[in-house]
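See below for the structure under consideration.
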Amino acid sequence: MNPTATASDPLDRLLPSLGRTGAAPAALALLVAHQRDRRLLTLRALLDAVRGAPPGSLPEGAAERVLADWRLLEDAERADRDAARRVVQYSLVGAWAEHCLRALVRPGQAGQAAADLPYLGAIAAAAAARAGTRFEAAVPVRTGGVVTLPTLGRYVPPAGSQGPAGPAGHRIRVTGDGGRLLLHLDARFTAYGRTPLADATAGAPAGAAAAGTVRGDRDARYARAEAALRVLRPPASRTVEIRRGPDGVWRSAAAGWRPVRALRAAGSTPVLLDDADPYRDDEAHAGPYALAALDGLDAGAHALWRTAWQDAQPWLRLGDGSRAREADLLLDAFVPLGGSPTAQCSATKRDAFGALLTTTPRNGLELAATLVHELQHAKLLALSGLTPLHTAGDQAAYWAPWRRDPRPFDGLFQGAYAHLALADFHLAVALATADPAVRDSAWADHCRCRQQVAAALPQMRGSSRLTAHGRVLVDAMAAHHARLAEQRPPAGHLARATAYVETARALWHKGNGR
């Protein structure tokens, strides 16, 4: 059933703002709150799915390991809720949770879930480290001896050195005390006992990842699950010491430790540049045009990113500053992609709200435009999770002026929403810059995006598949497009853009036999 827009519906008041592409703070806050709630519910659903897994579908002790990791996550949140949720709410932790939950609920994929569930130990350890608690955790080792702590960094054994003891898939002991971590590379966690998860929990765990409370004897039951954990501690354990610096970066003198660093600029929220998380591109080459996530940025690449991020800020603050506000509220990580140094490619993942995958930006203006484009996708994906915008299926039948292949209605919607924001952004650049070359390029980009949206809007407005909320949003988009069209670009730009779109239309019809 389509939702009915009413005067009392808060979305009815906020959708026009979203349709103007530069969302009001209240609209952004609603989207962010919903996504955070969704992430907590996904984690709770994951725990419930582990607890309800059919006998034999998960390896012996897997449920108990999840339970012990869960308790550490709760302990971290009790110590410092905000610090722990910096990890729990991290976009790529969300990607991991969605990935695991899908595997658990799909027939025949429990084995894949079993391989990924131990990462909860790394998540819990990172949350406990950020919360500054004294803790001990079991953290999984991946192929090549790699140990990752989300938002903090990863250990990669240097060439020619010995990695953590044992094969990939086992877990090592990690301890923390305040701002210090120790990776005990020779301290392997062995199998848990078979304390049933259903017996070890008496209700919904509270804290970091779930609403509700655990009844009466929760602590005793948790203690029994954790007591089943046995640790081998060799007399002389190799350790990697990691310390949190005053800038929040976790550094180590050990050659194999690679910290996750943040991009910083005056007046903006720091954003992680994550080249370490194993779930930043969990489907092989899932980035645009099959580009893979880069594996470890060198100092030169970090410098390029830092400069581009700082130089992007003035462009994002043009007009009312809504673009900078969106970046502050919606973005928590860049995932750098490999690719051609002459082509900019980017993507947004549905299950990783807050992360933006992109090739290394060549300058600040390019990065700002990429942000505008991808944050539009993030907003529309978040809004679609809050309320259905259309009831169209997945049939690829629509012409999108920016693509050569037929697109489903949702793809048309997403593209039009992003290109409308780009038209708005490039107009702001054209009107603000004193550089003739930048101004001319901005006018060309503005006109092209404007004419592309002009060609897409009639298909959207004429659709009977829009819900009430979807129609409010599309009508607001059309009204904003009409306001943009009141601007008269320099001679020639609009004619060239119109010819470009009409040529694309003709080629699309010819190529698709329509």
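Any chance the stretch 82-89 includes a residue that's over 28 Å from ASP295 (Cβ atoms), free of Cβ contacts under 8 Å to residues at least 60 places away in the same chain and not assigned by TED's automatic domain parsing to the domain that holds LEU357? Yes; the residues of the stretch 82-89 include at least one that is over 28 Å from ASP295 (Cβ atoms), free of Cβ contacts under 8 Å to residues at least 60 places away in the same chain and not assigned by TED's automatic domain parsing to the domain that holds LEU357.
Let's see how each residue does on (1) under 18 Å from the mean Cα position of the chain (by Cα); (2) farther than 27 Å from ASP247 by Cβ:
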| site | (1), (2) |
| --- | --- |
| LEU101 | yes, yes |
| ARG106 | no, yes |
| ALA129 | no, no |
| GLY132 | no, no |
| THR148 | yes, no |
| GLY153 | yes, no |
| PRO158 | no, no |
| GLN162 | no, yes |
| ALA165 | no, yes |
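Taking (1) in contact with an Asp or Glu (Cβ under 9 Å, 6 or more places away or on another chain); (2) at pLDDT 95 or above in turn, GLY511 satisfies each apart from (2). Taken as a whole, the stretch 49-62 holds at least one residue that is in contact (Cβ under 8 Å) with a residue 12 or more places away in the chain, at positive phi and of a type in the set (Gly, Ala, Ser).
Within the stretch 438-454, being surrounded by 22 or more Cβ atoms within 10 Å (Cβ to Cβ), more than 19 Å from ALA478 (Cβ to Cβ) and in contact with a Ser or Thr (Cβ under 9 Å, 6 or more places away or on another chain) holds for one residue alone: ALA442. The set of residues in the stretch 453-499 that are β-branched (Val, Ile, Thr) and not in a loop (DSSP other than H, G, I, E, B) comprises VAL453, VAL472, VAL474, THR498.
Taken together, the residues in the stretch 318-374 that are under 19 Å from LEU30 (Cα atoms) and of a type in the set (Phe, Trp, Tyr) amount to 1.
Of the residues ASP435, ASP410, only one is closer than 16 Å to MET477 by Cα and without any contact (Cβ under 8 Å) to a residue 40 or more places away in the chain; which?
On the way: ASP435 fails: closer than 16 Å to MET477 by Cα.
Sole residue among the options that is closer than 16 Å to MET477 by Cα and without any contact (Cβ under 8 Å) to a residue 40 or more places away in the chain: ASP410.
You will find that of ARG65, ARG78, ARG85, the residue that is over 30 Å from LEU357 (Cα atoms), at pLDDT 95 or above, basic (Lys, Arg) and out of contact with any Cys (no Cβ under 6 Å at 6 or more places or on another chain) is ARG78 and no other. Being of a type outside the set (D, E, K, R) and within 15 Å of HIS373 (Cβ to Cβ) is the filter here; which residues of the stretch 325-348 pass it? The answer is ALA327, LEU330, LEU331, PHE334, LEU337, ALA343, GLN344, CYS345, SER346, ALA347, THR348.
Selection over the stretch 149-174 of residues that are in contact with a Phe, Trp or Tyr (Cβ under 8 Å, 6 or more places away or on another chain) and of a type in the set (S, T, N, Q) gives a count of 1.
Of all residues in the stretch 1-16, those satisfying the criterion of being over 15 Å from LEU466 (Cβ atoms) and modelled with pLDDT of 50 or more are SER8, ASP9, PRO10, ARG13, LEU14, PRO16. With the requirement that a residue be assigned to a helix (DSSP H, G or I) and either surrounded by 16 or more Cβ atoms within 10 Å (Cβ to Cβ) or among the aromatic types (Phe, Trp, Tyr) (or both), what does the stretch 311-324 give you? The answer is ASP311, ALA312, GLN313, TRP315, LEU316, SER322, ARG323, ALA324. Number of residues in the stretch 175-191 that are more than 32 Å from the chain's Cα centre (by Cα) and either at pLDDT 95 or above or within 30 Å of PRO54 (Cα to Cα) (or both) equals 2.
Just so you know, in the stretch 118-176 the residues that are on the phi > 0 side of the Ramachandran plot and touching a residue at least 12 places away in the same chain (Cβ under 8 Å) include one that is surrounded by the fewest Cβ atoms within 10 Å (Cβ to Cβ), and it is GLY144.
The one condition from (1) surrounded by fewer than 23 Cβ atoms within 10 Å (Cβ to Cβ); (2) within 14 Å of the chain's Cα centre (by Cα); (3) in the same structural domain as ALA301 (by TED's automatic domain parsing); (4) not charged (D, E, K, R) that CYS345 does not meet is (2). Is at least one residue of the stretch 386-394 of a type in the set (D, E, K, R), surrounded by fewer than 20 Cβ atoms within 10 Å (Cβ to Cβ) and over 18 Å from ALA478 (Cβ atoms)? Taking every residue of the stretch 386-394 in turn, at least one turns out to be of a type in the set (D, E, K, R), surrounded by fewer than 20 Cβ atoms within 10 Å (Cβ to Cβ) and over 18 Å from ALA478 (Cβ atoms).
The values are calculated or read from the model by the stated rules, or taken from the named source; none is laboratory data. All values derive from a computational prediction rather than experimental measurement. Cβ sites come from the backbone with ideal geometry, for glycine too, and all protein chains shown count toward neighbours.
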